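See below for the structure under consideration.
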Number of protein chains: 2
Amino acid sequence: MNYRGLNVLVTGGLGFIGSNLTLRLVELGAKVTIVDPILPGCGGNACNIDPVRESVRVIGADISDAAQFRDTIAASDVIFNLAGEISHLHSMHFPERDLQINTVAQLRFLLECKAAARGVRIVYAGTRQVYGKPRYLPVDEGHSIEPVDFNGVHKYAATQYHRMLTRTGDLDAYMLRLTNVYGPRMALDAVCQGFLSTYVRRLLLGQPLEIYGDGRQLRDPVYVDDVVQSFLIAGRAQGTISRSFNVGGPEALSLAELARLAASAAGAPEPVLRPFPDDRKNIDIGSYRTDNNRIGRELDWSPRVRFADGIRRTLDFYRERLPHYLPTGDVGPVCNMPEHSGAPRRLTYAEVARHS
Amino acid sequence: MNYRGLNVLVTGGLGFIGSNLTLRLVELGAKVTIVDPILPGCGGNACNIDPVRESVRVIGADISDAAQFRDTIAASDVIFNLAGEISHLHSMHFPERDLQINTVAQLRFLLECKAAARGVRIVYAGTRQVYGKPRYLPVDEGHSIEPVDFNGVHKYAATQYHRMLTRTGDLDAYMLRLTNVYGPRMALDAVCQGFLSTYVRRLLLGQPLEIYGDGRQLRDPVYVDDVVQSFLIAGRAQGTISRSFNVGGPEALSLAELARLAASAAGAPEPVLRPFPDDRKNIDIGSYRTDNNRIGRELDWSPRVRFADGIRRTLDFYRERLPHYLPTGDVGPVCNMPEHSGAPRRLTYAEVARHS
């Protein structure tokens, strides 16, 4: 994986995965430009790239305004396309916002890539949510596409843009479908960013972990360093049979077991069970486990970090940097839940406790 | 199929399939309201509903402004959702326009349906183009989704909205995936509306038929009366296993054979072969043939009208009404092809001859 001297563009580069990828790219000698709009509540955090701030160029823009940074696109050897809204629950409350961010903006960005850098290698951060409630486990790439929320529909449309424009020779895209990703630099100051973000926040705040339902649903979280590695490999892959790859963790554990492992890593009390909130029930997918065989076979990637280890590393990371990730006082996490108002605003931690 | 006294809403009801459906619904005693924006070049034509103009209410609106006709939605027993842009070629030249019409507008409309008429029966006009270039023939509903153009991506996203909102109990939707539909009331005064529209226009204008490539690709055109019947059945279906159904014609014929049959029905000379234009090559899907087994099994529908018969009936229809469908003089068909300008405008027939 030679990235030395390459011009690399990372959309959503101040976000969780994008920033971890950026740090690694700089280590590998790439010249990295980040495009990130730093939208409130979307996960971007300038502190994420503190260690490499001097070596990285940051363009504060939305990818839907790609014409503004056309020259950067034109100069890119590889584009990692991670800009997007990840909250499934928010997408149900604000579907048109999700459509704008995950589909309309992607269309504009990709058309600009096609025009300014025809045939450029691009790696897209997709989601396993496009499969919906699994018909079988583990879920392979041939599983039917049946998203249970708007986020899944819109991310899938963006996936199709990448596929179709690759078929026409306008792009040279790889699409990764990520399961629950966790690790350092995930946003803790925004609600509805996934249960692992909530676990980590609550543990750091000394709040008990709560599990919805009976806690027997399986998840296979994947540690962010493993995910970064999958992007790096896809960014330089040649001559593969496939273009879409599932990216999942090394083990499937029940939500109760994941909560117990996380609580134990933090020295916190045992988690408690809670009934499933109504608005989450509809978009719940039951158990999920990734079939990683295709990416293992074609890209020689496999997940290495087990959850017990990864969650400990994650907690260690935040303990040293808490003020950057969980601002204190009345100015707390950002939420755009409808019971507050149509527009994102900051919540108090008391409110957060009710919503995540 | 009892529609007597039912309130039925038809989006895109001045268009080709929508107007044929409306005529039949009126015959069956339904109270029909049409919503149609009459966008230039999109196929809507007020003359289409001439025979029932007194019995039908027409709301001149875009479905993305669904809040304007919320009361009509709330009062609907069945909604036939046919509004949309069908041109694959236009979608490649104006992708964001296609996204707006086929996805954004559908999202707004369906959210309004969910709010005003939760659980309402809705039948969506999808397209076989979502399958892309077939991996096997005939194509069944389990075929992978690999659209080769933006139109297919956007129509598929709208399909997913219907499916997902049905899963959550917000709608009660059926999705039909139509192959090439032809018959009376298809738009002749717009280019890029499909090869059958072009055939009919050229025959009526006394121009020779032209076939791209070697003419050996298969198509299975379905006559509009058959399609109307599939909508009517889906509008009243109960307790089916499936929600998505392919709707194809009774026979698969080569493009050359279809052209010969059409020319012969019109008493015109033999068609001529032409090389494939570049912009169409990318979005060509090769041969296509529908597997109609699922809709036969679950909805007891099968296509009845063979092409030789249907094309004759189609030509007869237009011969009596030509001025309503092919205005003469310099004000000809509408085109929004990029070589003319970004905005739709009317073409002269000389220009049309070059573009279809």
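General observations
- Helix A:150-167 and the long axis of chain A differ in direction by around 20°, with both axes built from C-alpha atoms.
- Normalised by the number of residues in region B:125-233, the average gap of Cα pairs under 8 Å and 6 or more apart makes the relative contact order 24 percent.
- Size of electric dipole in region B:82-236: Cβ of Lys, Arg +1 and of Asp, Glu -1, about Cα centre, debye, nearest 20: 260
- About its Cα centre, the protein assembly as shown has a charge dipole of approximately 580 debye under the convention of +1 per Lys or Arg Cβ and -1 per Asp or Glu Cβ, with nothing else charged.
- Axis-proximal residue, chain A, for the rotation superposing A on B (Cβ, Å): A:Ala157, 2
- Proximity of backbone amide H atoms, modeled 1.01 Å from N, is registered between A:Thr127 and A:Leu178 at under 5 Å, excluding neighbours fewer than 5 places apart on the same chain.
- Gyration tensor verdict on the protein assembly as shown (Cα atoms; rounded if a/c is under 1.5, prolate if a/b is larger than b/c, oblate otherwise): prolate
- Between A:Gly267, A:Gly126, A:Gly18, the GNM of chain A built on Cα springs shorter than 10 angstrom shows A:Gly267 fluctuating the most.
- For the options B:Arg280, B:Arg243, B:Arg24, a Gaussian network treatment of chain B with springs between C-alpha atoms closer than 10 Å singles out B:Arg280 as fluctuating the most.
- Rounded to the nearest 10 degrees, the angle from helix A:307-325 to the longest Cα principal axis of chain A is 90 degrees.
- In nm, spacing of pseudo-spin labels at A:Arg306 and B:Arg135 (7 Å Cα→C-beta vector): 3.6
- Pairwise centroid distance, computed over Cα atoms, of region B:137-152 with region B:227-287, Å: 15
- Buried on assembly, region A:151-195 (at least 10 Å² less accessible surface than by itself, 1.4 Å probe): A:Val153, A:His154, A:Tyr156, A:Ala157, A:Gln160, A:Tyr161, A:Arg163, A:Met164, A:Leu165, A:Arg167, A:Thr168
- Residues of region B:129-195: accessible area per residue with a 1.4 Å probe, Å²: 22
- Dipole magnitude of chain A, debye to nearest 20 (Cβ charges: Lys/Arg +1, Asp/Glu -1, about Cα centre): 460
- Using C-alpha pairs under 8 Å with a sequence gap of at least 6, the mean separation divided by the residue count of chain B gives a relative contact order of 18 percent.
- A simple spin-label model places pseudo-atoms 7 Å from Cα toward Cβ; at B:Gln238 and B:Arg280 they are separated by 4.7 nm.
- Of A:Lys133/B:Lys133; A:Lys155/B:Lys281; A:Lys155/A:Lys281; B:Lys133/B:Lys155; A:Lys281/B:Lys155, pairs whose Cα-Cα distance is over 25 Å: A:Lys133/B:Lys133; A:Lys155/B:Lys281; A:Lys281/B:Lys155
- Copy-to-copy label separations for B:Gly29, where each label sits 7 Å from Cα toward Cβ, in nm and ascending: 8.2
- Using only the C-alpha atoms, the convex hull of region B:68-184 corresponds to 118 Å³ per residue.
- Angle in degrees between helix B:255-266 and the longest Cα principal axis of chain B, rounded to the nearest 10: 80
- DSSP finds beta bridges in the protein assembly as shown, and of those with both partners inside it, around 10 percent are antiparallel.
- Between A:Ile34, A:Ile86, A:Ile145, the GNM of chain A built on Cα springs shorter than 10 angstrom shows A:Ile145 fluctuating the most.
- Percent of beta bridges antiparallel (DSSP, chain A, rounded to nearest 5): 10
The values are calculated or read from the model by the stated rules, or taken from the named source; none is laboratory data. This one's a predicted model, so the numbers in the text were calculated from it and none came from an experiment. Glycine gets a Cβ as well: all are built from the backbone with ideal geometry, and neighbour counts include every protein chain shown. With ligands, DNA and RNA removed, areas are computed over all heavy atoms of the protein, side chains included. Shrake-Rupley method; radii C 1.70, N 1.55, O 1.52, S 1.80 Å.
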